[in-house]
Each structure stands twice: as structure tokens, then as C-alpha cells.
Amino acid sequence: VRLVFNRLPAQDETSWASLMSSYAENGLYIEAIECFDGIKKQGLFPNEVSFVCVLKACCGLKAIERGREIHGETIKNGFSDKNPFLGSIVVDMYAKCGYLILAKEVFDKLCTRDVISWTSLIMGCVEYGLVADALKCLEKMQEDNVCPNSFTYVSCLKACGIIRATCKGQEIHSEIIREGLLNKDVMVGGALVD
């Protein structure tokens, strides 16, 4: 990918974003961040895709200070209000880095809370021991008519196992069966066994 990029007659925001995306998706987080810096060095303005990729890279490296700086840039440029996916990535970054208060603050400001933002918050709560909060988030998510996905259910089943919430686990199991996820996703079946 880099060879093709280097041969382009002109490298614009879109080509930089494509290169960054390739790096971020393949776990080359340092290279993705270097691309983000390269955009600016060329006097170009990063687009929304660039911000998504660099925040994924910060999340992968747990580079919270750089992530906070970039989050500030998204706010300054009005992207976090307009792009729900970008907002979800910011929630995910803070949650995975253990900054759950910041994750919740960003989450509360999102104009659209989708399954990705809810699941990011739930996963962060479970990972950092706030399992009761994770299960409360599941209830609020469903009250907001947002359907959980496999990742949501796996995290919530893990939470049930940690606090031995058998009744809640059985309730989630029933939802999984009703939605037909047990036959579609091995990960969900494994979480139920656990």
C-alpha cells in the first residue's frame, strides 16, 4: 500500500486517510499515527476518516494523552457532533484505556447513541470491574430501543458471570435465543458456557 501511495502524483487527504486506514486495520498503529502527522506536515487538513483511524491507533497503543489531544481537535473542528461513528470511536478509546468517566461524558454528549457506542461503554465497564454499571447500561440501551449485538451480549454475560447474576444471565440467554444469535455466533455460545 505504501508503495502505491508513494507513487501517487498528488497525495491528498483521501489518499492519506486510505493509507492510515490500512495501517490501523492491520495493527500498525505507530505508522497510522505517523500518517496523521504527515497530513498536517503537508499542510493538509485531516478528514473524518483520518480522525477515526488515528483514534483507533491511539486506542490500540493505549496512547491516551495523544488520544485526548486528537479528541480535542475533533471537537474544535466540529466533527464529534456531526459524526456518530467518530463519537463512538472516542467513547471506545477512553473506555479501553480505562478512562470510564471521560468515556461516559463523551457518550452522554453524543447526539446519536448506537450499538457501537453503547457496546464500547459496556465493554469498558466490564473490563475495568464496573460490572453492575455494564448491566445497567444494557437496560438503558434496550430502553432506548437500541438492539444489542453479539459483542454486547458477550460482555454482559461476562458481567453476569463475575457477579453471579444467574437470573440476569438467563434473561440474556432468552434474548439471544429469541434473536437467533446462538446458532449464528460461536462467541456468544462460548460466553454462555462460561
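Looking at the range 144-160, which of its residues are closer than 14 Å to residue 193 by Cβ and open to solvent by 50 Å² or more (accessible area, probe 1.4 Å)? Within the range 144-160, 158 is the sole residue that qualifies. Here residue 78 fulfils each of the conditions (1) buried (at least 23 other Cβ atoms within 10 Å of the Cβ); (2) on the phi > 0 side of the Ramachandran plot apart from (1).
Residue by residue, here is whether (1) under 25 Å from residue 186 (Cα atoms); (2) open to solvent by 20 Å² or more (accessible area, probe 1.4 Å); (3) of a type outside the set (Gly, Ala, Ser); (4) in a helix (DSSP H, G or I) holds:
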| position | (1), (2), (3), (4) |
| --- | --- |
| 102 | no, yes, yes, yes |
| 121 | yes, no, yes, yes |
| 125 | yes, no, yes, yes |
| 142 | yes, yes, yes, yes |
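Within the range 174-189, the set of residues being under 17 Å from residue 161 (Cβ atoms) and of a type outside the set (A, V, I, L, M) comprises 174, 175, 189.
A Cβ distance below 7 Å, combined with a sequence gap of six or more or placement on separate chains, defines the contacts here; from the range 37-60, residues that are without any contact (Cβ under 8 Å) to a residue 60 or more places away in the chain reach residues that are among the small types (Gly, Ala, Ser) and outside any helix (DSSP H, G or I) in the pairs 60/27. Filtering the range 104-119 to residues that are surrounded by fewer than 21 Cβ atoms within 10 Å (Cβ to Cβ) and assigned to a helix (DSSP H, G or I) leaves 104, 105, 108, 109, 115, 116.
Here's the yes/no breakdown for (1) of a type in the set (A, V, I, L, M); (2) touching a strand residue (DSSP E or B) at 6+ places or on another chain (Cβ under 8 Å); (3) touching a residue at least 12 places away in the same chain (Cβ under 8 Å):
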residue	(1), (2), (3)
137	no, no, yes
147	no, no, yes
159	yes, no, yes
163	yes, no, yes
170	no, no, no
175	no, no, yes
182	yes, no, no
187	yes, no, yes
194	no, no, yes
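Just one of (1) at pLDDT 90 or above; (2) open to solvent by 20 Å² or more (accessible area, probe 1.4 Å) fails for residue 57. It is (2). Of everything in the range 18-49 that's of a type in the set (S, T, N, Q) and under 18 Å from residue 6 (Cα atoms), which residue is most open to solvent (accessible area, probe 1.4 Å)? In this case the residue turns out to be 42.
Only one entry of 48, 31 meets the criterion of being out of contact with any Gly (no Cβ under 6 Å at 6 or more places or on another chain) and modelled with pLDDT under 90, and that entry is 48.
The values are calculated or read from the model by the stated rules, or taken from the named source; none is laboratory data. Because the structure is a prediction, the values reported are computed rather than measured. Positions of Cβ are backbone-derived with ideal geometry, glycine not excepted, and every protein chain shown enters the neighbour counts. Remember, those area values only see protein heavy atoms, side chains included, never the ligands or the DNA or RNA. Shrake-Rupley method; radii C 1.70, N 1.55, O 1.52, S 1.80 Å.
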